[in-house]
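Colleague: Provided herewith is a single structure, encoded as structure tokens, for subsequent inquiry.
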Amino acid sequence: IATLIVSLLAYYLWKIKGLAKKDFLYIHLITIIGIFCGARFFHILFYQNFAFVEFFIELFNPHRSGFSSVGGFISGFLFALMACKWRKINIWKYTDCFTLGFGLAFAIGRIGCYCNPCCYGKHTTLPWGIDFFGDGPRHPTQIYDIINSLFIFAVAWINKEKEKFLNIKTFDGFLTLLCLMI
């Protein structure tokens with residue numbers, strides 16, 4: 001669902017910028033493949049303890065869950081960079097389009113983390129703490145991330161076509177850098 005939402009919003013902004021549909025489809029497909037491969041690879045590499053052969057078996061095991069946002073971000077950017085160079089498209093024009101849906105996609109991913117429950121926080125005495133495992137209330141970091149991600153989406157949506165932001169002239173990549181800073 002998150003991939004579909006990112007793709008639709010990215011294509012929407014790509015069309016507004018008047019860029020070729022064929023270029024978008026090519027670059028976006030390569031980027032999505034890079035995100036999923038990198039997210040899975042980093043998760044297996046850093047969060048699992050497998051021997052060398054088991055590592056590659058688990059990498060492609062469809063019954064195993066687990067993705068790393070950092071791994072997806074790094075490899076997705078590298079794959080997008082290669083695809084943009086190949087198609088002779090400015091990488092920052094593409095990343096601005098991709099950034100538009102990033103906040104929503106991340107929020108959807110965190111809903112999955114909440115339902116799993118993984119990525120939980122430390123124990124807390126605050127009234128909104130959630131008892132995930134019967135060992136006392138914990139910070140619902142997934143919900144904190146959802147709120148932050150929706151804020152990033154709102155900032156991206158409001159500024160998607162603006163030529164100035166706080167009297168700063170925008171440029172290709174400005175939306176990406178703004179959302180990364182948040």
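The values are calculated or read from the model by the stated rules, or taken from the named source; none is laboratory data. Since we're looking at a predicted model, the values are computed, not measured. Methodologically, a virtual Cβ is constructed for each residue, glycine included, from the backbone with ideal geometry; neighbour enumeration extends over all protein chains shown. SASA here: full protein model, heavy atoms, side chains in, ligands and nucleic acids out. Shrake-Rupley method; radii C 1.70, N 1.55, O 1.52, S 1.80 Å.
Colleague: Lysine pairs in the chain with Cα distance under 18 Å, only those 8 or more apart or on different chains: how many are there?
Modeller: 22
Colleague: What angle, in degrees between 0 and 90 and rounded to the nearest 10, separates the Cα long axis of helix 2-16 from the longest principal axis of the Cα atoms of the chain?
Modeller: Between the helix axis and the principal axis of the chain, the angle is about 20 degrees.
Colleague: Compute the acute angle (0 to 90°) between the alpha-carbon long axis of helix 21-47 and the principal axis of greatest extent of the alpha-carbon atoms of the chain; round to the nearest 10°.
Modeller: Result, in degrees: 20.
Colleague: Further question on the same structure: Rank 166, 25, 175, 104 by accessible area, highest first, at a 1.4 Å probe radius?
Modeller: Sorted descending by solvent-accessible area, the residues read 166, 25, 104, 175.
Colleague: Turning to a different aspect of this structure: First measure r as the distance between the Cβ atoms of residue 165 and residue 22, then evaluate 1/(1 + (r/R0)^6) with R0 = 35 Å and state the FRET efficiency to the nearest 0.05.
Modeller: With a Förster radius of 35 Å, E is 0.70.
Colleague: Probe of 1.4 angstrom, ligands and nucleic acids ignored: what's the accessible area per residue over segment 89-142, in square angstrom?
Modeller: 51 Å²
Colleague: Leaving ligands, DNA and RNA out of it, report the carbon-plus-sulfur percent of the accessible area of the chain at a 1.4 Å probe.
Modeller: 69 percent
Colleague: Give me the angle, in degrees from 0 to 90, between the Cα long axis of helix 69-87 and the longest principal axis of the Cα atoms of the chain, rounded to the nearest 10.
Modeller: The answer is roughly 20 degrees.
Colleague: Could you grab the relative contact order for segment 84-182? Cα pairs under 8 Å, six or more apart, rounded to a whole percent.
Modeller: 32 percent.
Colleague: Kindly provide the helix-only [θ] at 222 nm of the chain, computed as the sum of -39,500 (n - 2.57) over DSSP H runs of four or more divided by all residues, to the nearest 500 deg cm²/dmol? Mind showing how you got there, number by number?
Modeller: Working: 7 runs with 121 residues, N = 182.
Computed ellipticity for the chain at 222 nm equals -22500 deg cm²/dmol.
Colleague: Determine how large the accessible area of residue 141 is when every protein chain is in place; take a 1.4 Å probe and give Å² rounded to the nearest 10.
Modeller: Solvent-accessible area, nearest 10 Å²: 40 Å².
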